[in-house]
Each structure stands twice: as C-alpha cells, then as structure tokens.
1. Going by the conditions given, is residue 124 assigned to a helix (DSSP H, G or I), closer than 21 Å to residue 195 by Cβ, small (Gly, Ala, Ser) and touching a residue at least 40 places away in the same chain (Cβ under 8 Å)?
2. Quick one: residue 223 ticks every box in (1) over 26 Å from residue 76 (Cβ atoms); (2) modelled with pLDDT of 85 or more except a single one, so which number is it?
3. If you go through region 101-113 one residue at a time, do you hit one that is open to solvent by 10 Å² or more (accessible area, probe 1.4 Å), among the β-branched types (Val, Ile, Thr) and farther than 21 Å from residue 239 by Cβ?
4. Within region 91-110, is there a residue that is more than 19 Å from residue 193 (Cα to Cα) and part of a helix (DSSP H, G or I)?
5. Quick one: which of 158, 197 is at pLDDT below 90 and either crowded, with 18+ Cβ neighbours inside 10 Å or under 13 Å from the mean Cα position of the chain (by Cα) (or both)?
6. Answer with yes or no whether residue 76 is in contact (Cβ under 8 Å) with a residue 24 or more places away in the chain, surrounded by 17 or more Cβ atoms within 10 Å (Cβ to Cβ), of a type outside the set (Gly, Ala, Ser) and not in a helix (DSSP H, G or I).
7. Could you go through region 122-132 and let me know if any residue there is at pLDDT 90 or above, under 24 Å from residue 58 (Cα atoms), crowded, with 16+ Cβ neighbours inside 10 Å and hydroxyl-bearing (Ser, Thr, Tyr).
8. Looking only at residues in region 25-54 that are assigned to a helix (DSSP H, G or I), at pLDDT below 85 and open to solvent by less than 100 Å² (accessible area, probe 1.4 Å), which one is farthest from residue 91 (Cα to Cα)?
Amino acid sequence: MSTESVIHDIGYQRYTGARLGRGHAIRSLYVHSVRAAFGIGRGAKAKIFPWLIIGIALAFALIAIAVKSITQQELVSYRGFANSMSYPVMMFLAIIAPELVSRDLRDKTLPLYFSRPLRRSDYALTKLASLMTAVLLLLGGPQLLIFIGVAFSADKDRLSYAGTELSHLWPGLISSLLYAFVLSSLALLVASLTSRRAFGAAGVVAVFLISTPIVGILIAIGGPVLRHLAALANPMTATRQTLQWFFGADRNDGIPLGGYGPVYGIAILALVIVCISLLLVRYRKVAS
C-alpha cells in the first residue's frame, strides 16, 4: 500500500491587496455601530423603536417651534430640552446599548474582531463613541431644528434674532454632549455584563429607574445639606445639577444647587472614569 501524500491545489491564493490597518478597523466599527443604533442596513423591525424615539423628539421640537412662533413664549429652553427628554433617552439607551454589545457576546464573535489589529480597548471605546454619537444626535438634532425654525421665523431683523438664539443654543448642545457622555458610559457598562439583550435592557432601565425614587426620599427626609446633594443618587439628576453649576439655574433644573456645584462636577467626572475603566476591564477579561 502506498503511503505517499498528495497536495491538491484547490485555488487558494495569498491576499495581495492593501492592509488598511487598525485605524480603518476602528472607523469601520464606529460607522457600523452608529448605523446599527438607528437600524440602518437592517430589517424594518430593528428600525421601529429607535425611530419611534426620534419621532417623539422631533414632534416635541415642532411643538416648541409652533408655540414660540405663535405666542413668543418659550415652551422649553434648549438646555431644558435635554432634561425633558430624560425618559425617552433612558428607553433609547436600554434598547440600543445591548444591541451594540450583547449580540457580539452572544454570538461569540469577539475573537474574530481581536484576530485583527483591533485591540480590546479599541472595541470598547469605539462602541462607547458610537453610542454617545447616537444619543447626541437624538438630543442635539431636534435642538438644531428648533433653532432653525425659531430663528428664521422672525418677521424682521432675522440676523440679530438668530444671533440671540445661537447664544441660547450652544448651552443646550453642551448639555446634550454631557448627557450623552455620562449616560452612555453607564448604559454600555451595564449592557456589556450580559450576552442577553433582554437582561441588558432591563439592567439599564433598573439603574436609572431604581435610583429615581431614592432622590425623592432623600429630599423628603434630609436636612438642608442632604436636600442639595440628593440628586447625586441618580445619574440623570446629577448630570442636570452639574449643568446648573456650569450655566446657572434653568426652570427645568429642579432643586437649587446651593454651594455644591463642584461636588456634582467631581461626582460626574468620577462616575464617567469609573464606568469607562470597568468597561475596559470587562473587555480585557471577556476576550481573554
């Protein structure tokens, strides 16, 4: 019996094209994740919820434009818009954060990502950047619509009126950016802890909702100092109070700050650093 081996040529060839490297991988993952957040490139079912939330935000913006144009009274400030959208943003995060990370955990595709130049930290930070972008578009887009609708509906001296509106707009955009940064960091960390999207969504909602009544309880039972610091118990109210420290009081800000603005600023910064650090640790562990 012959024991000779035979090598068959079945047509495989070496890759001779350009190797685009780590930067291209990061950009591709970012674009793909932003598209996935809004269901772009996916079936109709994946588009329903994100675009429902976008529709709510845009409808609110159109109502604000109509009220300001007819009555010359501001329904909500640009800064107050982000505060008013806190619960729709919470639901948006509860659906989108698990969508961005839980699927890869469930399907065990992370080793495929990391077999390329993409690092574990690149994956985690890119997913965070894409979620932040989605939240920023959700909050900032309607504010820009309000600005355009209100600024250019003035009967006269539109340029001066637009300048005044612009001075009100930029604090609103900064507020949206801070909300996106803080809430996305927390939501993505929670979602990354499970491969099941339903559990991830429930975890995100629980983090935001369970802490909400705690704020009210602390205000009801606490003394003057505790009342001023009660908003620290909830990431949304803590962010709102931090913005009050940055820009001054707004009618949507709730309880006054007292002299505790720096405490809120430090607390929010610490929360973001801790969430991002734990997210990096999570992916260093899960992909090992």
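The values are calculated or read from the model by the stated rules, or taken from the named source; none is laboratory data. Owing to the predicted nature of the structure, the values given are computational and were not obtained by experimental measurement. Glycine also receives a Cβ, built like all others from the backbone with ideal geometry; neighbour counts cover every protein chain displayed. The area values use the complete protein model at the heavy-atom level, side chains included, leaving out ligands, DNA and RNA. Shrake-Rupley method; radii C 1.70, N 1.55, O 1.52, S 1.80 Å.
1. Values: assigned to a helix (DSSP H, G or I): yes; closer than 21 Å to residue 195 by Cβ: yes; small (Gly, Ala, Ser): yes; touching a residue at least 40 places away in the same chain (Cβ under 8 Å): yes.
Spelling it out, residue 124 is indeed assigned to a helix (DSSP H, G or I), closer than 21 Å to residue 195 by Cβ, small (Gly, Ala, Ser) and touching a residue at least 40 places away in the same chain (Cβ under 8 Å).
2. (2)
3. Yes, region 101-113 has at least one match.
4. Taking region 91-110 first, the residues more than 19 Å from residue 193 (Cα to Cα) are none.
Checked region 91-110: no residue is more than 19 Å from residue 193 (Cα to Cα) and part of a helix (DSSP H, G or I).
5. On the way: 158 fails: either crowded, with 18+ Cβ neighbours inside 10 Å or under 13 Å from the mean Cα position of the chain (by Cα) (or both).
Exactly one residue qualifies, and that residue is 197.
6. Numbers: in contact (Cβ under 8 Å) with a residue 24 or more places away in the chain: yes; surrounded by 17 or more Cβ atoms within 10 Å (Cβ to Cβ): yes; of a type outside the set (Gly, Ala, Ser): yes; not in a helix (DSSP H, G or I): yes.
So residue 76 passes the test.
7. For region 122-132, residues at pLDDT 90 or above, under 24 Å from residue 58 (Cα atoms), crowded, with 16+ Cβ neighbours inside 10 Å and hydroxyl-bearing (Ser, Thr, Tyr): present.
8. So in region 25-54, the residues assigned to a helix (DSSP H, G or I) come out as 25-37, 44-54.
When the remaining residues are screened for being at pLDDT below 85, the result is 44-46.
In the following step, the residues that additionally are open to solvent by less than 100 Å² (accessible area, probe 1.4 Å) were identified as 44, 46.
Values: 44: 19, 46: 15 Å.
Filtering first and then ranking leaves 44.
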